[in-house]
Every structure is written in C-alpha cells, then in structure tokens.
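Okay, so here's the structure we're looking at.
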4 protein chains.
Amino acid sequence: MPLPQEFHDIAKRVNNWGRWGADDEIGTLNLITRRVVRDAAACVRSGRRVPLALPLRQDGVQTGAIPGRVNPLHTMTAVNQEIFGPGTVAISDDVVTMGLQAATHWDGLTHVSHSGRLYNNRPADSITAHGGATRLGIEKATPIASRGLLLDVARAHGTDRLPGGHVVTPEDLDTAEELAGARVRAGDVVLVRTGQMRHYLAGDRQSYAFPSPGLSLRTPEWFHARDVAAVANDTLTFEIFPPEIRNLWLPVHALDLVEMGMLQGQNWNLEELSEVCAAERRWTFFLSAMAEPFVGGSGTPVAPVAIL
Amino acid sequence: MPLPQEFHDIAKRVNNWGRWGADDEIGTLNLITRRVVRDAAACVRSGRRVPLALPLRQDGVQTGAIPGRVNPLHTMTAVNQEIFGPGTVAISDDVVTMGLQAATHWDGLTHVSHSGRLYNNRPADSITAHGGATRLGIEKATPIASRGLLLDVARAHGTDRLPGGHVVTPEDLDTAEELAGARVRAGDVVLVRTGQMRHYLAGDRQSYAFPSPGLSLRTPEWFHARDVAAVANDTLTFEIFPPEIRNLWLPVHALDLVEMGMLQGQNWNLEELSEVCAAERRWTFFLSAMAEPFVGGSGTPVAPVAIL
Amino acid sequence: MPLPQEFHDIAKRVNNWGRWGADDEIGTLNLITRRVVRDAAACVRSGRRVPLALPLRQDGVQTGAIPGRVNPLHTMTAVNQEIFGPGTVAISDDVVTMGLQAATHWDGLTHVSHSGRLYNNRPADSITAHGGATRLGIEKATPIASRGLLLDVARAHGTDRLPGGHVVTPEDLDTAEELAGARVRAGDVVLVRTGQMRHYLAGDRQSYAFPSPGLSLRTPEWFHARDVAAVANDTLTFEIFPPEIRNLWLPVHALDLVEMGMLQGQNWNLEELSEVCAAERRWTFFLSAMAEPFVGGSGTPVAPVAIL
Amino acid sequence: MPLPQEFHDIAKRVNNWGRWGADDEIGTLNLITRRVVRDAAACVRSGRRVPLALPLRQDGVQTGAIPGRVNPLHTMTAVNQEIFGPGTVAISDDVVTMGLQAATHWDGLTHVSHSGRLYNNRPADSITAHGGATRLGIEKATPIASRGLLLDVARAHGTDRLPGGHVVTPEDLDTAEELAGARVRAGDVVLVRTGQMRHYLAGDRQSYAFPSPGLSLRTPEWFHARDVAAVANDTLTFEIFPPEIRNLWLPVHALDLVEMGMLQGQNWNLEELSEVCAAERRWTFFLSAMAEPFVGGSGTPVAPVAIL
C-alpha cells in the first residue's frame, strides 16, 4: 500500500535534502552552531543536574513484541578475579548484549526509510547486513550538547499522564510553550512530556507500550518551522500509536528522520525534570545527550542530562 | 603475595572511606557540586565541541589478550524491513554485544577490589555473578558534567607521544599544569595525555596495548591533594604497565577506585583536544562524560565531549 | 530454610559420590559402556530418524520469567557479501546469543548445588564467574549415544496431555514401562512424556511454563535402582512445579544432578516420537543426544534424535 | 570479476537442482535413506565413541581475521544463586554469544551464493537481515546420522600433517580410500583428514588458519559421482587456500553448497579418530552429527561423534 498524498504533501514542506550540501550526514544537528552551544551553556544557573535515562537492566521497557529489540543482558566475565595471583588486586569485568533502540535512546537517521530512500536522498540499500549504515550512521552525529526546552504537555493539560490515545498536536505544543514561558529557538533540543513513562515506572510495561499517546503527523511541520535540532519524548513509539490515519504507519518517523534529517529520542524519563522545571519556574536548560559512536548504527543508547 | 607496606602507606593517605557517609556509593563524584557545575559552564567561550570517544567497532582497541573484554560486535536485526506491509515505512534495527571496559570507558568503583574490600569498606563479595555490583554499581554515578582540565604531558615534554615505558609522575603533572596555565581545582575531571593513542590511530593495536606509558603509583596522592572528581587518559592500562614495583600489579587502580572512590577513564582519544587547546591557548573546558546506567555495572562505555 | 529430613533421607539412598572414583566428573554417563552402545545400535531396525529438538528462535519457550535465560537471538553478520569483489562467490554468516538452558537442552552437573556441594563432593564455589564450572563442566560429558526408552506417561493415562498439576510418580513410570513392553536397563536414556509440550506447540507459552506436570521427588530412587544414564522430558521445569512439598524447591534437580550425578533433559519435543512408537509398537531406539562442549558450561543446547 | 568458464563447466556436471523436486531444501541429505541408516548402525562393533568437536571456548580457532565470526563468549547469569531463599537448592545458569561458523560446524546451504543464486535455484535475496535464510535454513536439515568414512589423506601420505599448500586432489582421495579398504557409498558422510588441526592443538592459531591445505575444486565431481551426503574436514577453510586458480575464490564452497546442495563441515578434530581407525584397522563407523535447528541459520555448531 503506497503512502498517501497527504504524507507526501507534508514531506515536501519539511524536506531538508541538500540544505547542508549533498554530502551531509547529520541533518538538523547542523543547527547546533557554536553560538547555540554558548547560549546553551548560559542557561546553567543553579548547576542542578537531572539525569533522563532509565536504568539499563533486563527488566527494561521492551516486552518482546518487537523481535530483536532485546533488553540489556548484563553478565560478568570476571568477579574479583585475582589474575596476577592470590592476594593481588582483583578484577571485575562485564559484558552486555542489547538492542540499540531498546532503552533510552536516539533513533539514528537510518532507523527508517521510505520509498527506498534515506535522508538526503541516500539509497536505503546503503544499509547492509554486515556494515549497517554505511552512510548516515550514528557515529557521524556531532556531539549533542545544546539548549534543551521541556514542553510539558501533560502538565499543561493539568494531568500527570495523558491518556493512551492522546494525539499531541501542534496546538498542544503551543500551549506547553506558553507554560514554559519561552520560545523554541533554532538549534534547540525539544523534550515533549506526555507522562506515559509513569506506567513503566509503576511496573506496568504493557500499558506503557500500548496504546500510547504520541506526536501527531502534523508536528514535524511545527518543529521544522522552528528549526529544532532534535526532539525526544517519554514514550516507546514517539508518535501516536496506533496511528492517526488508518494504515499510515510511522509517518512521523519518516518525516523526522528521512525528510528533515532530525534525530528522535524515545523512552526518556522526564518525570523528575518535570518537577524540577515546575519548581524552578524554568523550562530551559543545558542539555547533554551524546550518541555512542556505534559505527553503522541505526541508533544509540543515550544517558541524557539536563543542567539547570 | 600480599600487597607491600609501601602500598598500604599510600592507601592510608588517600583513603576517603566514610568521608561522605557510611552509605556513600559515588566517592569523589560528590566533589562535583552545583557551584562546580556552574563554574564549569562558565568555561564555555567559543562553543567548540571536541568529541573524545573512539568509534565503537569490532576492530577496536582490544587485542584478545584480556578474555571476555570483547570489542563491540554490531549486527542488524532488521534492514529496511517493511513490517507493516509492502510500500510502508521500512525499519532498520540493530543490536550490540560488547565489554563494558572494551572501548572508551569509565572504570566503575567495583572494577577492582583488594584485601576483600571495595570503596567505602564494602565487601568485595557484594559483587555477584547474577547481579553484578549490588552496591557501588555504575548506575549509581551522578551525571559527570564538570570542569575538564587537560594535562598534556606529552606536549609538555615536547613530544607527540611518550615512550612505552614512561612513568607519568607528579612532577610530570606539575609541568603539564604549568603548560596549561591553570591550577587543578576541587571537582575537576583531569585528562592526562600521553600520546599513546597515536599507536592505535595508526593501526597498531599491539604497540598501543603494551608496553604503555601511564600514571605512577605516586599520582593518586597528587589527585587526592587537589580533590579531583575523576581522571581519564589515553591508554589501555591507565597506569604504567608493566608496573613500577615488581609484582605490585594495578596499584593505581586499587588506590583510585578502592581507597579514594575515584572513577578512572581509559582509551580516551585526546589527540584533537590537544591540538585545539594548544591553538586556543586554553586547557580548561566544560566536560560532559555521562555513564550509561548499567545496573550492577563495573564500568561503562562513555562518549565524552569537551566544550571550549 | 534448611532442606527437610525427607530430602536428606532420599539423598542418602541415591548418592553416587565416589562410585566411579574421587575424580569422576561425568556421573551416570559412566553407565554407557561399550556393550550398552553396541546393544543400542542393535535397536535400529527401520532406520527411521525422529528429531526431538525445538527450533531455535527468538520466539522460543522462555517467557522472560527467568532473568538471563534468554531465547536465541540470531543475527546475520554478512548477507551475500562479496568479500573478494563484485561477481565473486558471496558469503552469509551469522551469530547467536542464547541461554544454554533456554531451549531443548541438557542440564549439566553444575546446574544446581545444595548445601554448598556439587556432585562427587565438589565444592559449589568451584563454579566461578569468569570460568564457569571449573570442575564437572558440560565439556567433560562423554558422547551421549545409548539406548533410548520412551515412557509415554500421557499415553499410558489415555490422554494427550497430563493436566498441569499432575505429579509423575514411580507408579506412573511402572505403568508406562508396561505400555512400552520393555524394561529399563542400566545405561538407558529414559524419555518421559507428559504431553505438556502441546501447549507450546499450540502457541501458548504461558500455559507451557506453569503450572506444569513433572517428576515426583520419589522418582530419583526409581531411576537410581535401574541405573539409568540420563532422563529427559517435555516440560520447562522437569519436575512437578510448584513442588510437592511446600518450600522444598527443585528437590529432583538436587537429587538427580548433585546426588546421583545424572544429567536431566528439558524442553524435548516428544510428540512425533510418541506417534511413531505407538505406530511401530516399539518404545526403544538408538538415541543420539550430544552435548555441545561449552567449556565450563552448566548445560548445553542439544539436538537429540531417536533412530528406530 | 565473473566466475571463469572452468568453474561453470564443473558446476554443470555436479548440479543437483531439481533432482529432489523443485521445493527441496536439504540437497544431498536426501541420500541418507532408511536403508543407509540401518547399514550405518550395523557398523557399530566395538561400541567405542570418538568425539570430533573442539571445545567451545573464547580461545577458539578464530583469529579475528573474519569480522563477526566470533569465538564463543560464555558467561554466567547465575552462580549458585539461591533464588528461593537462603539454604535452598542453588542455581547456576549461563549464556553464550558465538558465530555459528566459528568452531566445529556445518556450513548450511545458504552459507554461500553465486550469480545471485542458492541451491535449487533459490534467489540469493531470500536471505534477509532480519530472518536469515527464509529458505534452505539449517533448521530444515534432517538428522545427520549415517555411515561415516575417514579418508586419512595425511596418513596415506605417510605424514602427520600435510604442508600448508597441499591441494587435496581426487587422486589423494583414491589413495586414502585404498588405505581405508572400503569404498565410499551413496549416503556416506566422508571425513577428510589433512592433519592441519595439529597446528591449533599445539596452540598455533595463525598457522592453523593460513596457509591451509584443503580440497581441490576437482573434488566436488569425485564426491558427486559417489553420491556422498556430506563432507567434513579438519581445516578452517575446507578448500585449499589461497585458491588453485588466481582470483577464483571459494569455488569448492560454491560447487558443494550451491550446485550440489551438499553440507560441508569444518574445524573437525580428526586426530583421535585417525589413531583409533588405524589401531582398529577400520575406517568406517556410525556417525552422528546433528545440526542445531537455528531458524534461518547459515550454519550450525555441531558435536559430531564417530561410533566404531
């Protein structure tokens, strides 16, 4: 089933192909300029650091519904091993197997393709089984350190958690921006809070996974108009799921990643940040959210921190 | 063979057990106060970001000499898979298996023990095969964002790379501090450059591994006196290897991790940073180097970035 | 809570420690003598081969309830990769991550310990985090090729599948032996069918897992009296689960593995074999069920085949 | 560079496409008929079992030269864990990550393709990144239990180990057959010994890997003429490597797997078997060498055993 005209119309309006040159592999991360970084650093006032990653553990957010996206399996290869002889300094080492999109993560630009194409008109088949993303891999991403802005949609709606079917619309973003008392600027990393993470934190993985509130296919235009560098939220699917338009699956992924070349973050824990921002009456901060440079990676676990 | 008296003498002088309470699990990360973070942010002037992680790939720094510390094995679980039917948005996903200490990483506080003890007098057997570090795990680490200071020992010696057997002494650190034109302060994350990484970058993993220049067992006192939050360098072994004192293996690990409760970073790529600092005549910067919160982890890959 | 006297009484009666010498590491596999193997080969009459392993796939029998016992994750490291240049012979390669006890498997002798001891009075702490089983590991097992005998308890009860709570007693085994028209002999590998596998084959992993029919803690004496070499069945837990005696968990594992030194097989698919044996009116056959020699392994996946 | 005419000429002569029907997915395993199995069982005389697998360990035969074909990494997920409370039966569990072609293994029919085709004219692109071999996967293999025949080429040459560059020719196979005093028959699994394994057993992985003696591209016709079910040997590359004809890489793989549909075994340890056969003056035996049923697998570890 081909993608509908409505999708293609939006795609045309948010497309960034060629904007930063034919060889560009980082998309909207280009918008994090030195000036943006300097201004972001100036957001640090109290020095308070708020971590946004979920603990990495086998009891993570994955339910097994997505084959291969396995929760972290952490095992020890040594426990207090006295490799140099009895009584010497002893060593403990460990190893992990995990899906790169399993926990708190960034989707890389190659995480989805449509119509045989990736961002910047790269062919989808530049992704191979043995090398992964030979172009646009997550290792190409420049360091993600910029101004962060929390759009606390749940709080703006006066609730702890938006209901499962709630579509986060551009209007919702406007309202949350108003609550924040700050305008989204070029180069910002925008964090959108739905409160859906409360399901997982309460031990209910199934309700966390589905049905999920999430971003509307109308939001990419909103982000594009503001020249946002990246967007992350506190859900498994990022966008509303099941989708707004019957049989149009993952349109937001396709618009953000393929058309705009904009990284998406998922499974970010924004609960503490929501409290801190409300308490400090301040919704902007310095955000550090470095990609691990997996060569050919379609994504990466990330341990983001907001510094207020 | 028991640890020699010399070791125990130093151990007593740098010991931090109980300093932040009997329940403390983060050691010198306590020194990164809100004031330190604010001052660190004030170091950002040009907004230039310098990444310090090596690419994560199977052809990484591990040679196989340390069993179980495997280089990253990255494979695809989906390549442009149209899971919702032909013509729909297609998905690419991936999975990784890797040693937590295999690439650019932080050693966690449980990475070594001696005399049956971990930092803060925790018993070594609090590390278990199924749970890893039940106390002091890397997931306990607070966000590592602080002032960074590069002690470019190689450059201070007028060389690109210190020779394999070079012991980095407190005097070397003094000289590098002089070059930096800045004093190490409480809460700083200190990066010590030997240039050893040039071996690996030139494709020579064996020479990179061994023999390696590295920190002297006299340096923990230097770092302790200055209340440093953490130290990282550009070698596989961190400390001089083979060791200064015959049969005294990994004394610096034992002093830093067990006695002081101070994280160590290894396999950091400081080459570009060395050039940038020299060009900007400035050796201090904002450093972001977040641990991935592996529950029970003895360490963590890290993607550090220096922001000048 | 200490193991009850009843357990220790049975333990004494089935104990094989020292029977094959103080250094023995294979237990009842010693009972597979050359004569036993020759007699086993003589069981081959029709030449029909019946495989007994479940397919190895991510959608395997594990539900996630046992942390770390992960279903097989199979990924490609190369797909038609022309490593010698365009137009040359192309290569496909793959890699797997899996729990050794996750699918159709043998429990090794170190899979359980009790009272700090393993089979043949080995200390439990001879199992280490870095080396696994330094004694009694699955790589020590001699090739498991012997006479197989199917005790089709479900069929003897006139049912396709025993109910979840059914305790398989010595009397059940007697009845099934009668159905088989053959006596269990020294060195036999006995397969006990409950029909529980039908749940999994019908797509219901939860019902397969729990509650499960399984062997009574009275059966080890039955197997010991007959000098059986090994026993396998078609359940996840092998023994009745939840257990017969409140708070006495896994007594059959402890008796079989620790006291007798007898391997146990689990998750064997005995459905086709049940049909074939009934059709051929013959319940004995040549059985090949080789352990993969994982050094230090507590178990091994196995691909058993019955040859009639 | 296209495959040369010489290759295509041989290919035509050994091709089995369509021989067992258009839907066949097991190739020459069809030749293991019930009669063959019965005759194989009749080879058991002394009851002596000789295992042919190398131990599975991280220090395996792989040198790292083939990316992704990783030696087994075995770690514990539990060591004597008392999951039901103190004093209860304690559990040890383990997990492995390994290349399916890393150790003693069978190449599956999809391990190589040429000219875009797999065995029986299946398209090469029926292998996908997420599912592996959707046709012809190793899980389709019927149980490999048949008559085994050792062609001890090294012994026939009066040497312990053929030199690195030795091409094993049809004439070599004839001579070894003469030594064996038995003719290869339809359905046999033929084991070809070069003695190359002695390098690895002596601790020299590099010499084991390369240069290697191995089968000539003239041998597939020899095996085809005799309707052999499968062939295995004691080398890493199976065929002579570097190849006989410049720039014609892996022709034997392409002929055996793609044209004939015949499984190949590699890294089999035939040293003990060589001694036993010579001592018993008998080179035929019952061979059990079951594939583990990895769904979509291009190969499988195997623990073969010869029973004399």
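Annotations for the structure displayed:
- Charge dipole magnitude, Cβ of K and R +1, D and E -1 - the protein assembly as shown, Cα centre, debye nearest 20: 0 debye
- Here's how it looks for residue C:188: its modeled amide H is under 5 Å from those of C:229, which are all 5 or more places away or on a different chain.
- Counting only DSSP beta bridges whose two residues both lie in segment D:89-204, roughly 45 percent are antiparallel.
- Protection proxy ranking, peptides D:67-80, D:178-191, average beta carbon neighbours within 10 Å, highest first: D:67-80, D:178-191
- Averaged over D:134-143, number of beta-carbon atoms from partner chains that fall within 10 Å: 3
- Helix-only mean residue ellipticity at 222 nm for chain B, each DSSP H run of n ≥ 4 adding -39500 (n - 2.57), per residue, nearest 500: -5000 deg cm²/dmol
- Shortest-first distances to equivalent copies, position residue A:171, nm, label 7 Å out along Cβ: 7.3, 7.5, 8.9
- Shape category assigned to segment D:165-286 from the gyration tensor of Cα positions, a/c cut at 1.5: oblate
- Per-residue mean of foreign Cβ neighbours for D:111-121 is 3 (Cβ atoms of other chains, 10 Å radius).
- Whole-angstrom gap from segment A:100-117 to segment B:46-107, using each part's C-alpha centre: 14 Å
- Within 10 Å of each Cβ in C:96-104, the average number of Cβ atoms from other chains: 6
- If you sort the three axes of the alpha carbon gyration tensor as a ≥ b ≥ c, you get a/c of 1.5 or more for the protein assembly as shown and a/b above b/c, which makes it prolate.
- Solvent-accessible area buried by A and B, counting both chains, probe 1.4 angstrom, square angstrom: 6600 Å²
- Label distances, nm, residue D:158 versus same residue in remaining copies, Cβ-directed 7 Å point: 6.9, 7.5, 10.1
- DSSP bridge pairs, chain C: antiparallel proportion in percent, nearest 5: 65 percent
- Taking chain A and dividing mean pair separation by its residue count, relative contact order in percent (alpha carbons under 8 Å, at least six apart): 30 percent
- Note on segment B:152-217: with charges restricted to the Cβ of Lys and Arg (+1) and Asp and Glu (-1), its dipole about the Cα centre is near 240 debye.
- When peptides D:200-212, C:131-143 are sorted by average Cβ neighbour count within 10 Å, with the highest value leading, the order is C:131-143, D:200-212.
- Packing-based ranking, highest mean first, of A:275-287, D:111-123, D:152-164 given that Cβ atoms within 10 Å are counted: D:111-123, A:275-287, D:152-164
- Remark: relative contact order (segment A:153-247) = 37 percent; criterion is Cα-Cα distance under 8 angstrom and separation of 6 or more residues.
- Per-residue ³J(HN,Hα) for segment C:205-213, Karplus 6.51 cos²θ - 1.76 cosθ + 1.60, θ = phi - 60°, Hz, x for Gly and Pro: 5, 5, 5, 4, 5, 6, x, 10, x
- Only beta bridges with both residues in the protein assembly as shown are counted; by DSSP, about 65 percent of them are antiparallel.
- Distance from segment B:217-242 to segment D:120-165 (C-alpha centre basis), Å: 52 Å
- Rounded, prolate or oblate (a/c below 1.5 giving rounded, otherwise prolate when a/b exceeds b/c) for chain B by Cα gyration tensor: rounded
- Accessible surface ranking that places the most exposed of C:105, B:224 first, with a 1.4 angstrom probe: B:224, C:105
- With the charge dipole of segment A:157-308 set up from +1 on Lys and Arg Cβ and -1 on Asp and Glu Cβ about the Cα centre, the Cα lying farthest toward the positive end among the listed residues A:191, A:217, A:303 is that of A:303.
- Label-point spacing for residue C:45 across the identical copies (point 7 Å from Cα in the Cβ direction), in nm and ascending order: 2.6, 9.0, 9.3.
- Think of each Lys and Arg Cβ as +1 and each Asp and Glu Cβ as -1; about the Cα centre, that makes the dipole of segment A:18-137 roughly 700 debye.
- Mean Cα-pair separation over length for segment A:148-196, i.e. relative contact order, pairs under 8 Å, 6 or more apart, %: 63 percent
- Straight-distance crosslink candidates among lysines, where the alpha carbon sits under 27 Å from residue B:140 and sequence neighbours closer than 8 are dropped: B:12
- Over all distinct Cα-Cα pairs of segment A:109-227, the Kirkwood formula returns a hydrodynamic radius of 16.6 Å.
The values are calculated or read from the model by the stated rules, or taken from the named source; none is laboratory data. In this text, all values refer to a predicted model and were calculated from it rather than measured experimentally. Cβ atoms come from the backbone with ideal geometry, glycine included; neighbour counts cover every protein chain shown. Please note that ligands, DNA and RNA were not included when accessible areas were found on the heavy atoms of the full protein model with its side chains. Shrake-Rupley method; radii C 1.70, N 1.55, O 1.52, S 1.80 Å.
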